[in-house]
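Okay, structure first, notes after.
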Amino acid sequence: MSNELNVANCPKCGKIFQRNIRNLCQSCSTEEDTHLKVLEQQLLRNRQLSNAELSSKVAIPEDKIRYLIRSGKLRLHDYPNLADSCDNCEAPIRKGTLCLSCSTKIQNDIEYAIEQDRLLKERIKANTYISRDSQ
């Protein structure tokens, strides 16, 4: 058994706290739980709210709502108008981190780069020759 204290700085407020599963200090953890409760209570009253409408009604920033969606604490399947946003183009998405358009574009770019690399290697291979010293 080690004599080290298992402490860290809270990623939100910077306070020193004893490490736990949530990786937050007690006050930030309580604040997050309170925000989640307030959001869920408002969504129980009107489950058709969008992110912007919900944010304005409960005075919690949209990026905090997005964080709760991303972390899985606020589930989208219960609320049809809530959405996360694509990391690349900010389009609304229901799952993942990229919309279908951005995901397809990135995949096509990767395939194109791989093909260009393959063609370059073929050209280099075709232009190389083995020289033998004649004696």
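The values are calculated or read from the model by the stated rules, or taken from the named source; none is laboratory data. Just so you know, these numbers come straight off a predicted model, no measurement behind them. Here Cβ is always computed from backbone atoms with ideal geometry, including for glycine, and neighbour counts include all displayed protein chains. The protein model used for the area step is the full one, side chains on, heavy atoms only, and it has no ligands, DNA or RNA in it. Shrake-Rupley method; radii C 1.70, N 1.55, O 1.52, S 1.80 Å.
What separates the Cα centres of segment 85-123 and segment 9-53 is a distance of 33 Å. Averaging 1/r over every pair of different alpha carbons in the chain and inverting the result gives a Kirkwood radius of 19.4 Å.
With helices as the sole contributors, the chain gives -16000 deg cm²/dmol at 222 nm; each DSSP H run of n ≥ 4 counts as -39500 (n - 2.57), and the sum is divided by every residue. Spherically averaged projected area of the convex hull of Cα atoms, segment 1-72: 5.8 nm².
Within the listed set 19, 123, 66, the Gaussian network model of the chain (springs between alpha-carbon atoms below 10 Å) gives the highest mean-square fluctuation for 123. Springs between Cα atoms under 10 Å define the GNM used for the chain, and in it the highest mean-square fluctuation of 21, 114, 93 occurs at 21.
A 19 angstrom limit on the alpha carbon distance is what I want to check against. Which of 37/57; 12/57; 37/64; 12/95; 12/73 exceed it? Beyond 19 Å between Cα atoms: 12/57; 12/95. Charge dipole of segment 1-93 (Cα centre as origin; +1 on each Lys and Arg Cβ, -1 on each Asp and Glu Cβ, all else neutral): 240 debye, rounded to the nearest 20. Every Cα-Cα pair in segment 30-93 was counted, and those over 17 Å apart are 31% of them. Surface composition of the chain: carbon plus sulfur atoms hold 51% of the accessible area, using a 1.4 angstrom probe and ignoring ligands, DNA and RNA.
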